[in-house]
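Working notes, beginning with the structure itself.
The values are calculated or read from the model by the stated rules, or taken from the named source; none is laboratory data. All values reported here derive from a predicted model rather than from experimental measurement. Cβ placement follows ideal geometry from the backbone for every residue including glycine, while neighbour counts extend to all protein chains displayed. These accessible areas exclude ligands, DNA and RNA; they are computed on the full protein's heavy atoms, side chains included. Shrake-Rupley method; radii C 1.70, N 1.55, O 1.52, S 1.80 Å.
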Amino acid sequence: IDTITVQANEMLAHTYFETKKYKESSDLYGTLTKIDQANYERYGYAAFFAKDTNTAVKAFYSAIEGPDKKCNTIFRFANLLMSMKKYDEAINVFSKRINMCDDTNSVKSMYYIGNCLYSSAKHDSAIIVFKDYLTKEINSIPARISMYNSFNAMKKSDAGKQYLTEAYQIYSKSILENPNNASTKKEGESVLDALCRINLESKEFASVIKY
C-alpha cells in the first residue's frame with residue numbers, strides 16, 4: 001500500500017508540474033523520501049518556478065548526481081548558482097558540465113567560470129580562464145571586455161587595453177557585415193563605453209572624440 005501511495009504521489013506531483021502548478025508540485029515532491037533522478041529534476045524546476053531557490057538548489061544537486069547526463073539542467077543550475085552569488089559552487093557545477101558534456105554550452109561554461117572568478121576577486125585566475133576561452137571563441141567581444149576588467153581590477157589597465165582595442169576592431173567589422181544585429185550593437189556599446197571611460201581618465205580627449 002505504501003508503495004502504491006508513493007507512486008500515486010509521484011504521478012500527482014508530475015501532473016502538477018505539467019499543469020504549471022509549481023508550488024503544489026514542489027510541496028508534494030518534498031514529502032517523498034526517495035525519488036529518481038528525473039523526478040528530482042522536475043522537483044528542482046518546480047521549486048525554482050515557485051520561487052523557492054533554496055529547495056531548488058538541493059533538488060538540482062540530487063538531479064545532476066545520477067547516472068543520466070543532464071546537460072541542460074547542469075548548465076541552468078550553474079547559472080542559478082551564479083545568480084545567487086554562490087560562485088565557488090557555480091564553478092564546480094560549470095566544471096562538471098564541461099567534463100560531462102561536449103557542446104557549445106560547455107564552451108560558454110568556461111566564460112562563466114571566468115566571470116565567477118572575477119566576481120570573487122580572483123582576477124589572476126579569471127584572466128587565465130578568459131585567455132583559454134578566447135582560444136575557442138576567438139571573436140568574443142564580451143570575453144575581451146572581461147579581460148580588460150580583470151586587468152583593470154588589478155590596476156593594470158594598460159595591459160588590458162589591447163583587449164578593448166581588439167574588441168573594437170571585431171565590433172567594427174561585425175557591424176559593417178550585419179548592421180542590424182542587436183547583439184553586436186549591445187556588445188559595441190559596452191566596448192565604446194569602456195574605451196571612452198579609460199581615455200577620459202587618461203585625458204586622451206582626441207581618442208574620446210574618435211570613439
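Within the option set 167, 143, 182, 121, being at positive phi, among the small types (Gly, Ala, Ser) and at pLDDT 80 or above holds for one residue only, 121. Could you check, for segment 161-168, whether at least one of its residues is in contact with a Pro (Cβ under 9 Å, 6 or more places away or on another chain) and over 30 Å from residue 57 (Cα atoms)? Yes, because at least one residue in segment 161-168 is in contact with a Pro (Cβ under 9 Å, 6 or more places away or on another chain) and over 30 Å from residue 57 (Cα atoms). Scanning segment 185-211 for residues that are at pLDDT 80 or above, within 23 Å of the chain's Cα centre (by Cα) and not acidic (Asp, Glu) gives 185, 186, 188, 190, 191.
Checked against (1) in contact (Cβ under 8 Å) with a residue 24 or more places away in the chain; (2) of a type outside the set (Phe, Trp, Tyr); (3) within 18 Å of residue 132 (Cα to Cα), residue 90 meets all criteria but (3). Inside segment 184-196, residues that are free of Cβ contacts under 8 Å to residues at least 24 places away in the same chain and either open to solvent by 70 Å² or more (accessible area, probe 1.4 Å) or under 22 Å from residue 132 (Cβ atoms) (or both) make up a count of 4. Can you find even one residue in segment 6-17 that is part of a helix (DSSP H, G or I), within 20 Å of residue 73 (Cβ to Cβ), open to solvent by less than 60 Å² (accessible area, probe 1.4 Å) and of a type in the set (D, E, K, R)? Yes, that holds for at least one residue.
Entry remark, segment 18-31: residues being surrounded by 15 or more Cβ atoms within 10 Å (Cβ to Cβ), more than 26 Å from the chain's Cα centre (by Cα) and under 18 Å from residue 63 (Cα atoms) number 5 in total.
Within segment 1-29, no residue that is over 18 Å from residue 44 (Cβ atoms) sits with its Cβ atom under 6 Å from a residue that is open to solvent by 50 Å² or more (accessible area, probe 1.4 Å) and not in a helix (DSSP H, G or I) at 6+ positions apart or across chains. Restricting the first member to segment 168-181 and to residues that are among the aliphatic types (A, V, I, L, M) and surrounded by 18 or more Cβ atoms within 10 Å (Cβ to Cβ), and the second to residues that are assigned to a helix (DSSP H, G or I) and at pLDDT below 85, no beta-carbon pair is closer than 8 Å while six or more apart or on different chains. Of the numbered criteria (1) open to solvent by less than 40 Å² (accessible area, probe 1.4 Å); (2) at pLDDT 80 or above, the one residue 158 fails is (1). Candidates 87, 111: the one that is in contact with an Asp or Glu (Cβ under 9 Å, 6 or more places away or on another chain) and among the hydroxyl-bearing types (Ser, Thr, Tyr) is 111.
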